[in-house]
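Asks: After the structure tokens below, expect a handful of questions from me.
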Amino acid sequence: MSKITSLADLKKRREELTSGLSFPTKAMNPENVIQVKVAMATCGIASGAKTIMEFFHEQLERRNVAAIVTQTGCMGYCYAEPTIEVKLPGQDPVVFGFVDLKRADQIIEKYIKTGELVDGIIPVNYQTIDLNV
Amino acid sequence: MSKYSMHLLVCGGTSCHSSESDAIVCNLRDELEAKGLMDSVQVILTGCFGFCEKGPIVKVLPDNTIYVHVKPEDVQTIVEEHVIKGRKVTRLLYKDPVTKESISDSKHMGFFKKQLRIVLRNCGFINPENIDEYIARDGYQALGKVLTEMTPEQVIKEVKESGQRGRGGAGFSTGLKWELARKNQSDEKYVVCNADEGDPGAFMDRSVLEGDPHSVLEAMAICGYSIGASNGLIYIRAEYPLAIERLKIAINQARENGLLGNNIFGTGFNFDIKLRYGAGAFVCGEETALIHSMEGLRGEPTVKPPFPAESGYNGKPTNVNNVETFAAIPAIILKGAKWFSSIGTEKSKGTKVFALAGKINNVGLIEVPMGTTLREVIFEIGGGIRNGKKFKGIQTGGPSGGCLSEKHLDTPIDFDNLIAAGSIMGSGAMIILDEDDCMVSMAKFFLEFTVEESCGKCAPCRIGNKRLHELLGQICEGKGKLEDLDRLKNMSVVIKDTALCGLGQTSPNPVLSMMDNYYDEYVAHVTDKKCPAGQCKSLMEYVINAENCVGCTACARVCPVNAISGERKEVHHIDPSICIKCGACMEKCKFDAIFIR
């Protein structure tokens, strides 16, 4: 990893990342990849998010689904942990709550493979700011 | 991809559940079955939409239509009109409270815009252990802008004009604090991040550090540049192992990328950050105590002045800000003071993160613009009170704050309004209480915490709080007298006026505010020896209702102290002098014959 030595460097890195040129950030290039984000703050982990994340890692590979599984921080839905967000190409992300292994399996088989929704969706009730002005 | 062309999402949150969402799902499925639409339209039960006053809610995808107050008998109309003919059912649409117009697309509905995420902009979105994801979300751009385009004075001016006030609790102007630290000349200065989050029920700072650690690092560097410091310290409690781990990873990645260390962005500005661990003492959230703890001394506060801006860590000028305060800084720099100050109320700008806990359906982390009312937070975001119980009060500001009652529900939340109402903003913990909570026991609970956490340095806090706690205990046990209520009040006022630091000065707040708002309940405890909420065991009496009792002996068999007597098939009796009020008999009784008096 090269050092960032000027603001221009940082801007260049940002461009590369958002256009999906460099690897770890395929996750930032949502249009052609299925993404699964698992909320892994202390509270999420305490209610089983690690097991869920491992399950997605293993099972998506075993079931030949090309997807990126990453961890993220608290989504704010403490009452519904573990929570995950699934983004299918070209669609709005969907958040699922109360994800146990059974529901995780349904999410892969139904939502990820066929786009069919499953129970436990958490409606998004906030707006986020965009820093890019 | 999906075989379904339409989805009907029915809110399955606890509130809507009690208002018949199950029946709606059943009816929808039956109706679709009858019309032969089961293969193209799917019915899904979702989590809470948060807007329970309008429940049950049905949302139609893909067109985002939301129907409110849906009844099971409305299902047929929805299917026939919307699903089959594609016409929206106007009478079930949400009507804008101001314009009275029906709104069909949920994207235009105010209640989905109640939350605005500035501090939490990256939380739950990026991988906190990957700096690239932060950079892709415009991370470190604010630091770059500050170092290359702005003078320290300009940065301070911008922060000052944004109107941001410290999110740790006291609400002091961030820009002013930076300015004071800049003015004091010294060979060395320090930027300290206060991550000693200690309020019961608070987890805002932990969530930010676990979800978006770089935003805090970036802001600390910006602060360093502004005040002329090259060293940053994060004081974090050792009870937050995951936050510590993610901070360590973030600091290392920032160093590897040249975003911390020497000559950042080739501008000659040096800044590095180290971690300091706290042992979890509540008082160390007070800035002077925090600094002493970092120096290896006892975590005790000292009198201000001198303020840390003059003489802080190692006697050098030090600027201490809270995690949440820092996390908003990059947004203020990039989007400007004008933008930030356009959000919020006249004297409290921007947004505030709150941790909702207690008897509320959607326990969670939320961020709302200042000026949002408590009612909106509790009933339109938090999903209302659990198990359909009645709202009783809300403790804001943790053990240093006060308890606000129903009459405050429409108060817009900001620093000054909360103080005027007898509470404080504090760090942002909100504990929601329902009709089953006793306000004397609750005050005792918070006092227990402050007594435990008092450092013991000054007498008002060390001895005064102990006495307050004792008095509350006596009242709960039915040994209180009416004069005790005056003593409680007087003592509270004296402690507030004479304690050395913020801990003692605020510790009687729960007692004062609860006595203000629920005085009758206190009087009931001392004069009638009754606890209206039925929480104080000493004041309860379990009694058997002779009309309902069939003499099954189940209660007598389950009683652990043999307080229940009576012959088989005859009315039983509980001896109050033996009864320990465990409630086992009441749970066991199948005939509702046992009640609390």
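The values are calculated or read from the model by the stated rules, or taken from the named source; none is laboratory data. Owing to the predicted nature of the structure, the values given are computational and were not obtained by experimental measurement. Glycine also receives a Cβ, built like all others from the backbone with ideal geometry; neighbour counts cover every protein chain displayed.
Asks: Please go through segment B:379-399 and give me each residue that is assigned to a helix (DSSP H, G or I), away from every other protein chain (no Cβ under 14 Å) and either buried (at least 24 other Cβ atoms within 10 Å of the Cβ) or touching a Phe, Trp or Tyr at 6+ places or on another chain (Cβ under 8 Å) (or both), ordered by number.
Replies: Residues of segment B:379-399 that are assigned to a helix (DSSP H, G or I), as a first pass: B:379-381, B:386-388, B:398-399.
This time we only want the ones that are away from every other protein chain (no Cβ under 14 Å), so: B:388, B:398-399.
Scanning segment B:379-399 gives B:GLY398, B:PRO399.
Asks: Of all residues in segment B:209-244, which are under 14 Å from B:THR318 (Cα atoms) and touching a residue at least 60 places away in the same chain (Cβ under 8 Å)? Step through it out loud before you land on a result.
Replies: Step one: filter segment B:209-244 for residues under 14 Å from B:THR318 (Cα atoms), giving B:220-221, B:223-235.
B:MET220, B:ALA221, B:CYS223, B:TYR225, B:SER226, B:ILE227, B:GLY228, B:ALA229, B:LEU233 - these are the residues of segment B:209-244 that are under 14 Å from B:THR318 (Cα atoms) and touching a residue at least 60 places away in the same chain (Cβ under 8 Å).
Asks: Here's another thing I want to ask about it. Do we find a residue being β-branched (Val, Ile, Thr) and touching a Gly at 6+ places or on another chain (Cβ under 7 Å) anywhere in segment B:571-580?
Replies: Taking segment B:571-580 first, the residues β-branched (Val, Ile, Thr) are B:571, B:574, B:578, B:580.
Adding the requirement that they be touching a Gly at 6+ places or on another chain (Cβ under 7 Å) leaves B:571.
Yes, because at least one residue in segment B:571-580 is β-branched (Val, Ile, Thr) and touching a Gly at 6+ places or on another chain (Cβ under 7 Å).
Asks: Still on this model: What residue, among those in segment A:100-133 that are assigned to a helix (DSSP H, G or I) and of a type in the set (Val, Ile, Thr), is farthest from the other protein chains (Cβ to nearest Cβ)?
Replies: Of the residues in segment A:100-133, the ones assigned to a helix (DSSP H, G or I) are A:101-114.
Next, only the ones that are of a type in the set (Val, Ile, Thr) stay: A:107-108, A:112, A:114.
Numbers: A:ILE107: 12, A:ILE108: 14, A:ILE112: 10, A:THR114: 6 Å.
So, considering only residues that are assigned to a helix (DSSP H, G or I) and of a type in the set (Val, Ile, Thr), the one farthest from the other protein chains (Cβ to nearest Cβ) is A:ILE108.
Asks: So B:GLY169 fits all but one of (1) in contact with a His (Cβ under 7 Å, 6 or more places away or on another chain); (2) in a loop (DSSP other than H, G, I, E, B); what number is the exception?
Replies: (1)
Asks: So A:ILE68 fits all but one of (1) within 14 Å of chain B (Cβ to nearest Cβ); (2) surrounded by fewer than 23 Cβ atoms within 10 Å (Cβ to Cβ); (3) of a type outside the set (Asp, Glu); (4) under 19 Å from B:ALA243 (Cα atoms); what number is the exception?
Replies: Going through the list (1) within 14 Å of chain B (Cβ to nearest Cβ); (2) surrounded by fewer than 23 Cβ atoms within 10 Å (Cβ to Cβ); (3) of a type outside the set (Asp, Glu); (4) under 19 Å from B:ALA243 (Cα atoms), A:ILE68 breaks only (4).
Asks: Which one of A:ILE45, A:ILE84, A:ILE52 is within 11 Å of chain B (Cβ to nearest Cβ), over 30 Å from B:LEU260 (Cα atoms), crowded, with 19+ Cβ neighbours inside 10 Å and modelled with pLDDT of 90 or more? So that I can check it myself, show each step before the final result.
Replies: Numbers: A:ILE45 fails: over 30 Å from B:LEU260 (Cα atoms); A:ILE52 fails: within 11 Å of chain B (Cβ to nearest Cβ).
Selected residue: A:ILE84, the only one of A:ILE45, A:ILE84, A:ILE52 that is within 11 Å of chain B (Cβ to nearest Cβ), over 30 Å from B:LEU260 (Cα atoms), crowded, with 19+ Cβ neighbours inside 10 Å and modelled with pLDDT of 90 or more.
Asks: Same structure, new question: It is to be established whether one or more residues within segment A:73-80 are of a type in the set (A, V, I, L, M, F, W, C), at pLDDT below 90, surrounded by 15 or more Cβ atoms within 10 Å (Cβ to Cβ) and touching a helix residue (DSSP H, G or I) at 6+ places or on another chain (Cβ under 9 Å).
Replies: Looking through segment A:73-80, at least one residue is of a type in the set (A, V, I, L, M, F, W, C), at pLDDT below 90, surrounded by 15 or more Cβ atoms within 10 Å (Cβ to Cβ) and touching a helix residue (DSSP H, G or I) at 6+ places or on another chain (Cβ under 9 Å).
Asks: A further question on this structure: Enumerate the helices (runs of 4 or more DSSP H) found wholly within segment B:468-547, keeping only those where 2 or more residues are in contact with a Ser or Thr (Cβ under 8 Å, 6 or more places away or on another chain). Steps first, answer last, please.
Replies: Working: elements: B:482-498, B:502-506, B:509-517, B:519-523.
Correct list: B:482-498, B:502-506, B:509-517.
Asks: Continuing with the same structure: Within segment B:136-181, can you find the residues that are among the hydroxyl-bearing types (Ser, Thr, Tyr) and surrounded by fewer than 24 Cβ atoms within 10 Å (Cβ to Cβ)? Explain how you work it out, then say what you get.
Replies: Of all residues in segment B:136-181, those among the hydroxyl-bearing types (Ser, Thr, Tyr) come to B:140, B:148, B:151, B:162, B:173-174.
Residues satisfying the conditions are B:THR148, B:THR151, B:SER173.
Asks: Regarding B:MET430, is this residue in contact with a strand residue (DSSP E or B) (Cβ under 7 Å, 6 or more places away or on another chain), outside the structural domain of B:PRO301 (by TED's automatic domain parsing), touching a residue at least 60 places away in the same chain (Cβ under 8 Å) and in a helix (DSSP H, G or I)? I'd like the intermediate steps shown before the answer.
Replies: Values: in contact with a strand residue (DSSP E or B) (Cβ under 7 Å, 6 or more places away or on another chain): yes; outside the structural domain of B:PRO301 (by TED's automatic domain parsing): yes; touching a residue at least 60 places away in the same chain (Cβ under 8 Å): yes; in a helix (DSSP H, G or I): no.
No.
Asks: With the requirement that a residue be exposed (fewer than 15 other Cβ atoms within 10 Å of the Cβ) and hydroxyl-bearing (Ser, Thr, Tyr), what does segment B:551-597 give you?
Replies: Matches in segment B:551-597: B:SER565, B:SER577.
Asks: What number of residues within segment B:357-376 are within 14 Å of B:GLY201 (Cβ to Cβ), in contact (Cβ under 8 Å) with a residue 24 or more places away in the chain and aliphatic (A, V, I, L, M)?
Replies: Residues flagged as within 14 Å of B:GLY201 (Cβ to Cβ), in contact (Cβ under 8 Å) with a residue 24 or more places away in the chain and aliphatic (A, V, I, L, M) within segment B:357-376 amount to 4.
Asks: Determine, yes or no, whether B:ARG182 is more than 31 Å from the chain's Cα centre (by Cα), assigned to a helix (DSSP H, G or I), modelled with pLDDT of 95 or more and more than 14 Å from every other protein chain (Cβ to nearest Cβ). Walk me through it before giving the result.
Replies: Numbers: more than 31 Å from the chain's Cα centre (by Cα): yes; assigned to a helix (DSSP H, G or I): yes; modelled with pLDDT of 95 or more: yes; more than 14 Å from every other protein chain (Cβ to nearest Cβ): yes.
Here the answer is yes, as B:ARG182 does meet what is asked.
Asks: Please find, within segment B:121-155, the residue that is nearest to A:GLY76 (Cα to Cα) out of those that are β-branched (Val, Ile, Thr) and more than 7 Å from chain A (Cβ to nearest Cβ).
Replies: Residues of segment B:121-155 β-branched (Val, Ile, Thr): B:126, B:131, B:135, B:146, B:148, B:151, B:155.
This time we only want the ones that are more than 7 Å from chain A (Cβ to nearest Cβ), so: B:131, B:146, B:151, B:155.
Numbers: B:ILE131: 22, B:VAL146: 31, B:THR151: 37, B:VAL155: 31 Å.
The qualifying residue nearest to A:GLY76 (Cα to Cα) is B:ILE131.
Asks: I'd like the residue in segment B:61-84 that is within 24 Å of B:ASN361 (Cα to Cα) and in contact (Cβ under 8 Å) with a residue 40 or more places away in the chain and, out of all such residues, is nearest to the other protein chains (Cβ to nearest Cβ). Reasoning before the result, please.
Replies: Of the residues in segment B:61-84, the ones within 24 Å of B:ASN361 (Cα to Cα) are B:66-72.
Then keep just the ones that are in contact (Cβ under 8 Å) with a residue 40 or more places away in the chain; that gives B:66, B:70-72.
Values: B:ILE66: 9, B:VAL70: 15, B:LYS71: 20, B:PRO72: 19 Å.
Restricting to residues being within 24 Å of B:ASN361 (Cα to Cα) and in contact (Cβ under 8 Å) with a residue 40 or more places away in the chain, the top hit is B:ILE66.
Asks: Which residues, taken from segment B:418-461, are touching a Phe, Trp or Tyr at 6+ places or on another chain (Cβ under 7 Å), more than 25 Å from B:LYS389 (Cα to Cα) and either modelled with pLDDT of 95 or more or not aliphatic (A, V, I, L, M) (or both)?
Replies: Matches in segment B:418-461: B:GLU453 only.
Asks: Within 20 Å of B:CYS11 (Cα to Cα) and at pLDDT 85 or above: is that true of A:PHE98 in this structure?
Replies: Numbers: within 20 Å of B:CYS11 (Cα to Cα): yes; at pLDDT 85 or above: yes.
The answer is yes for A:PHE98.
Asks: Hey, another quick one. Please tell me if B:VAL216 is assigned to a strand (DSSP E or B), in contact with a Leu (Cβ under 9 Å, 6 or more places away or on another chain) and modelled with pLDDT of 95 or more. Show your work before the answer.
Replies: On the way: assigned to a strand (DSSP E or B): no; in contact with a Leu (Cβ under 9 Å, 6 or more places away or on another chain): yes; modelled with pLDDT of 95 or more: yes.
When the stated conditions are applied, B:VAL216 does not pass them.
Asks: Follow-up. For B:GLY566, all conditions in the list (1) at negative phi; (2) of a type in the set (Gly, Ala, Ser); (3) in contact with a Gly (Cβ under 8 Å, 6 or more places away or on another chain) hold save one; what is the number of the exception?
Replies: (1)
Asks: Could you say whether any residue in segment B:356-373 is within 14 Å of chain A (Cβ to nearest Cβ), assigned to a helix (DSSP H, G or I) and not small (Gly, Ala, Ser)? Spell out how you get there, then give the answer.
Replies: Of the residues in segment B:356-373, the ones within 14 Å of chain A (Cβ to nearest Cβ) are B:356-369, B:372.
Still in the list and also assigned to a helix (DSSP H, G or I): none.
Scanning segment B:356-373 turns up no residue that is within 14 Å of chain A (Cβ to nearest Cβ), assigned to a helix (DSSP H, G or I) and not small (Gly, Ala, Ser).
Asks: Continuing with the same structure: Within segment B:37-54, identify whether any single residue is modelled with pLDDT of 85 or more, more than 28 Å from the chain's Cα centre (by Cα), away from chain A (no Cβ under 14 Å) and not in a helix (DSSP H, G or I), and answer yes or no.
Replies: Yes, segment B:37-54 contains a residue that is modelled with pLDDT of 85 or more, more than 28 Å from the chain's Cα centre (by Cα), away from chain A (no Cβ under 14 Å) and not in a helix (DSSP H, G or I).
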